[in-house]
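Read the structure below first, then the notes.
The values are calculated or read from the model by the stated rules, or taken from the named source; none is laboratory data. All values reported here derive from a predicted model rather than from experimental measurement. When we count neighbours, we look across all protein chains shown, and the Cβ atoms used for this are built from the backbone with ideal geometry, even at glycine. All accessible areas refer to the heavy atoms of the entire protein, side chains included, with ligands and DNA or RNA removed. Shrake-Rupley method; radii C 1.70, N 1.55, O 1.52, S 1.80 Å.
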Amino acid sequence: MNGSWTILFSHPDDFTPVCTTEFCEIARCADEFRKRGVKVIGLSINDVDSHQSWIEDIRDIAGHEVTFPIVADPDRKIATLYDMLDALDPTNVDALGKPFTVRDVFVIDPNKLIRLKLSYPASTGRNFTEILRVIDSLQLVDRHPVTTPVNWEPGQNVIIHPSVTDEQAGEQFPGYTKVRPYLRYTHDPRS
Ligand code: BEZ
């Protein structure tokens, strides 16, 4: 969406168990997405009526409102364009044998660049804490010449980008730690 971070995610089918747990979690995390300026959009091949009755169930189960739009794509137009249809799992199909969508996630930045693509099988619910962590990392590296190491969490040390010379690093990140010429740590610039 114009000027904001966006998560576009697909799910296989309304009124299915794993999808329901995912929607309950996304509805629960609404404040976390809002804090980061992220707009969320879901998509499946179900129609609008199905989405509307399913979100009533989610409200009952989770105690949270689904406040984000869910695209109804019954003719699979968008799912086909974004390559979201399940090409692997013969059980992830509708009554006519046509594929449902997989669990894709696209993180799109305010300049409309896709910065992350994830594709999970129908059988495995996604980890939205991880998706928030990636957004924290992307928003940090857009503002500072750093990258984030394995298992990084906000507030932990970050890596100085290889394009930064040692001299620049000394000015921008005084007291940084040089483990190797190519591996230099500094504190999270936001903490
Ligand atoms: C589920 O959400 O539980 C699900 C959906 C489609 C296929 C398998 C599982």
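Evaluation of VAL164 against the conditions (1) open to solvent by less than 90 Å² (accessible area, probe 1.4 Å); (2) part of a helix (DSSP H, G or I) shows that the sole unmet condition is (2). Restricted to the range 83-136, and to residues there that are of a type in the set (Asp, Glu) and away from the ligand (no atom under 16 Å from the Cβ), the residue that is nearest to VAL150 (Cα to Cα) is GLU130. Any residue that is in a helix (DSSP H, G or I), within 13 Å of the ligand (Cβ to nearest atom) and touching a strand residue (DSSP E or B) at 6+ places or on another chain (Cβ under 8 Å) - is there at least one of those in the range 22-39? Checked against the condition, which is being in a helix (DSSP H, G or I), within 13 Å of the ligand (Cβ to nearest atom) and touching a strand residue (DSSP E or B) at 6+ places or on another chain (Cβ under 8 Å), the range 22-39 yields at least one hit.
Scanning the range 7-21 for residues that are more than 8 Å from the ligand (Cβ to nearest atom) and surrounded by 20 or more Cβ atoms within 10 Å (Cβ to Cβ) returns ILE7, LEU8, PHE9, SER10, ASP14.
Yes or no, residue by residue, for (1) outside the structural domain of CYS24 (by TED's automatic domain parsing); (2) in a loop (DSSP other than H, G, I, E, B); (3) surrounded by 15 or more Cβ atoms within 10 Å (Cβ to Cβ):
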position: ASP89; (1), (2), (3): no, yes, no
position: ASN111; (1), (2), (3): no, yes, no
position: GLY170; (1), (2), (3): yes, no, no
position: GLY175; (1), (2), (3): yes, yes, no
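Would you mind stating whether ASP83 is assigned to a loop (DSSP other than H, G, I, E, B), at pLDDT 95 or above, farther than 19 Å from SER137 by Cβ and open to solvent by 40 Å² or more (accessible area, probe 1.4 Å)? So ASP83 passes the test.
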